[in-house]
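Below you'll find the structure, written out as C-alpha cells, and then a few comments.
The values are calculated or read from the model by the stated rules, or taken from the named source; none is laboratory data. Quick caveat, the model's predicted, so the values are computed rather than measured. Cβ placement follows ideal geometry from the backbone for every residue including glycine, while neighbour counts extend to all protein chains displayed. Heads up: the accessible areas ignore ligands, DNA and RNA and are worked out on the full protein's heavy atoms, side chains in. Shrake-Rupley method; radii C 1.70, N 1.55, O 1.52, S 1.80 Å.
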Amino acid sequence: MSIVEDGPLSPPEAETMQARVAELAALREQVLAGPSAQATQAQKKKGKLTVRERLELLFDKGSFTETEPFRRHRATGFGLEAKKPYSDGVVTGWGTVDGRTVFAYAHDFRVFGGALGEAHAQKIHKLMDLAEKAGAPIVGLCDGAGARIQEGVTALAGYGGIFQRNVRNSGVIPQISVIMGPCAGGAAYSPALTDFVFMVRGTSQMFITGPDVVQAVTGEQITQDALGGADVHAATSGVAHFAYDDEEQCLEDVRHLLSYLPANNRELPPAEPVDDPVDRRTEALLDLVPADPNRAYDMHKVIEEIVDHGDFFEVHGRWAPNIVCALARLGGRVVGIVANQPQTLAGVLDIEASEKAARFVQMCDAFNIPLVSLVDVPGFLPGVDQEHGGVIRHGAKLLYAYCNATVPRISLVLRKAYGGAYIVMDSRSIGTDIALAWPTNEIAVMGAEGAANVVFRREIAASDDPEATRRARIEEYRTELMHPYYAAERGLVDDVIDPAHTRAALVDALTVLRDKHAPLPTRKHGNQPQ
C-alpha cells in the first residue's frame with residue numbers, strides 16, 4: 001500500500017503506539033525520498049541538485065528542522081485531486097549557518113515543477129512570519145515554474161502574500177534569493193524585493209515574459225539564457241548581485257555573505273577576533289596609487305591593502321564596475337565600502353553606478369553596517385544618453401541614501417574629487433562623520449584645466465601665446481584653489497593623512513563612532529527619488 005496515495009493507516013492496522021511510530025517513520029522516509037526516482041533523475045540530468053541536497057549545503061550539518069513536511073494541497077479539477085504529494089512542492093524550515101539561526105524555503109521542481117499553489121504559498125507565508133518574529137535571516141532557494149495554473153487566482157494571491165511580507169521585512173531581517181532554476185512572471189518580483197540575488201549559470205533564468213511571448217509580441221528570437229540568464233542579470237540588468245558556475249560555489253558564498261550580516265536590524269553585524277594588527281602600516285599604497293590624477297589604478301588593490309587580511313566580499317562586481325561596493329572587516333568589525341574605480345571610465349559616476357551604490361548604502365544603513373567611502377571621482381559622466389536617461393534623479397538616489405544614513409560614515413579622498421560627484425560621495429557637507437584625505441587630494445568644482453578654460457577664457461583668447469597663458473593659468477588655479485590643504489584649511493576635511501597610516505586611521509575613526517546615535521525626524525517615510 002502507498003502511504004502517499006492511500007493516506008495513513010487506519011485501525012485495526014495501527015492499534016499500538018509502536019505501529020503509529022513506524023507509520024510516521026515510513027511516511028517521513030517517503031517524504032525525504034521525493035516524488036520518484038525518475039523525477040530525481042530528470043533534475044540531475046539538468047545539472048541541478050535536489051532540494052534537500054541544496055539545503056544540506058546551505059545549513060550546518062544536521063541542523064535543519066523542517067516545517068509542514070506533510071502539507072498537501074486541497075485543490076480539485078484538472079486532475080489535481082488525484083495528485084496530492086506531500087510538501088506540495090516546497091520545503092520550509094530553519095537551521096544554523098556557522099551556528100547562527102537562518103530560515104529557508106526551497107522549491108522542489110520535482111513536484112508540480114515547483115509551481116506555487118495555495119498550500120505551497122501558505123507554507124512560505126508562515127515561514128516568513130516566523131522568521132520575522134524570530135528576528136533571523138531568510139533565504140529563498142527558487143526553482144519553480146511560476147503560479148500553478150490549475151489553481152487559478154488563489155495561486156496569484158499566494159504571490160501577493162509573499163510580496164507583502166518581502167516589503168514588511170525589508171530592512172528588518174536580511175532577505176536573500178538564490179535562483180537555481182526558472183523564476184518567471186510574478187515569481188521574479190519577490191527576488192527583486194529582497195536584499196541580495198544569487199544566480200547559477202546555465203540553469204537559472206529570470207524574466208517577466210519568456211522567449212515565446214517576446215517573439216509573439218516583438219518578433220525577436222532569443223534563448224532563455226540570453227533573455228534572463230545569470231550573466232545577463234549580473235552584468236547588464238543589475239538584477240543579480242552574484243553569478244556562479246555551479247550550485248555548490250553559489251551556496252558556499254551565500255553562507256559567506258551571511259557571515260557579514262546581523263540577524264536583524266536591532267543587532268550589530270558579527271565581529272571577529274582581530275589578528276591583523278589595527279595599526280599595520282599600508283606602505284604599499286604609496287606605490288599602488290599614482291600621484292598623477294589622470295593615471296588609472298585598480299581600487300580593488302587599495303581595498304585589499306586596507307581591510308583585515310585583504311579579504312572583502314564584492315557586491316554587484318560585474319554591473320556598473322566604475323564603482324566598487326564591498327563588505328569587509330576593519331579591526332574585526334564589518335564595514336561597507338563604497339569606492340570609485342579609476343580603472344573603469346576613470347571612476348566617474350553615471351546612472352548605473354549611482355543606483356548600485358545607493359542600494360548598497362541603504363542596505364548597510366538598514367543593518368547597522370558602518371560606511372567607508374574611498375573617493376577618487378572626476379565627476380558625473382557627461383552625455384545626451386545620461387541626461388535623457390535621468391542621471392539627475394539617479395544621482396539623487398545616491399545623495400539621498402547617504403544623507404539618510406545614520407550609521408557611522410567615514411570618507412577618504414585619495415586623489416580627485418570634483419564638482420557634484422564630490423558632494424554626492426559622502427562629503428562633509430552632506431553629513432559624513434569624519435572626512436579624511438591623502439596629500440594627493442584635489443577637491444574642487446572641476447579640474448584645473450577645465451576651470452582655467454572657463455575663468456580665464458577671454459585672457460587666453462587675447463594672449464599672443466594662448467597655450468603658454470593657458471598653462472600658466474592652470475598652474476595658478478591649481479596652486480590657489482586645488483592644493484592638498486585647501487579643503488582642510490576650511491574645515492571640509494578633518495585631517496590630511498599619510499597613505500601608509502590609512503588602515504590605522506580608519507580603524508580609529510570606526511572605534512570612536514561605534515556608539516553613534518543619530519535619530520531622524522519623525523515621519524512616516526521619506527519620498528526618495530525614483
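In this structure, is Lys45 surrounded by fewer than 14 Cβ atoms within 10 Å (Cβ to Cβ) and out of contact with any Asp or Glu (no Cβ under 7 Å at 6 or more places or on another chain)? When the stated conditions are applied, Lys45 passes them. Restricting the first member to region 5-29 and to residues that are closer than 17 Å to Lys84 by Cα and open to solvent by 60 Å² or more (accessible area, probe 1.4 Å), and the second to residues that are at pLDDT below 85 and among the small types (Gly, Ala, Ser), the beta-carbon pairs closer than 8 Å and six or more apart or on different chains are Pro8/Ala14.
Take the conditions closer than 28 Å to Arg329 by Cα, touching a helix residue (DSSP H, G or I) at 6+ places or on another chain (Cβ under 8 Å) and of a type in the set (Ser, Thr, Tyr) and apply them to Thr502. Does it pass? The answer is yes for Thr502.
Within region 36-83, the residues that satisfy the criterion of being basic (Lys, Arg), touching a residue at least 60 places away in the same chain (Cβ under 8 Å) and in a loop (DSSP other than H, G, I, E, B) are Lys46, Lys48.
Every condition in (1) on the phi > 0 side of the Ramachandran plot; (2) assigned to a helix (DSSP H, G or I); (3) of a type outside the set (Val, Ile, Thr) is met by His300 except one, and the failing one is (1). The residue of region 370-404 that is modelled with the lowest pLDDT, among those that are surrounded by 23 or more Cβ atoms within 10 Å (Cβ to Cβ) and part of a loop (DSSP other than H, G, I, E, B), is Pro378. Which residues, counting only those in region 143-169, are open to solvent by less than 60 Å² (accessible area, probe 1.4 Å), in a helix (DSSP H, G or I) and among the charged types (D, E, K, R)? Scanning region 143-169 gives Glu151, Arg165.
Lys516 meets each of the listed conditions (1) open to solvent by less than 90 Å² (accessible area, probe 1.4 Å); (2) farther than 19 Å from Arg329 by Cβ apart from (2).
Is it true that Asp275 is at pLDDT below 95 and over 30 Å from Val512 (Cβ atoms)? Spelling it out, it is not the case that Asp275 is at pLDDT below 95 and over 30 Å from Val512 (Cβ atoms). Whenever a residue of region 114-142 is more than 17 Å from Val97 (Cα to Cα) and in a strand (DSSP E or B), its partners that are open to solvent by 30 Å² or more (accessible area, probe 1.4 Å) and not hydroxyl-bearing (Ser, Thr, Tyr), lying with C-beta atoms within less than 6 angstrom and at least six residues away or across chains, give the pairs Leu116/Ala147.
Among the residues of region 428-484, those that are surrounded by 14 or more Cβ atoms within 10 Å (Cβ to Cβ), of a type in the set (D, E, K, R) and under 23 Å from Ile497 (Cα atoms) comprise Arg428, Asp433, Glu442, Arg478.
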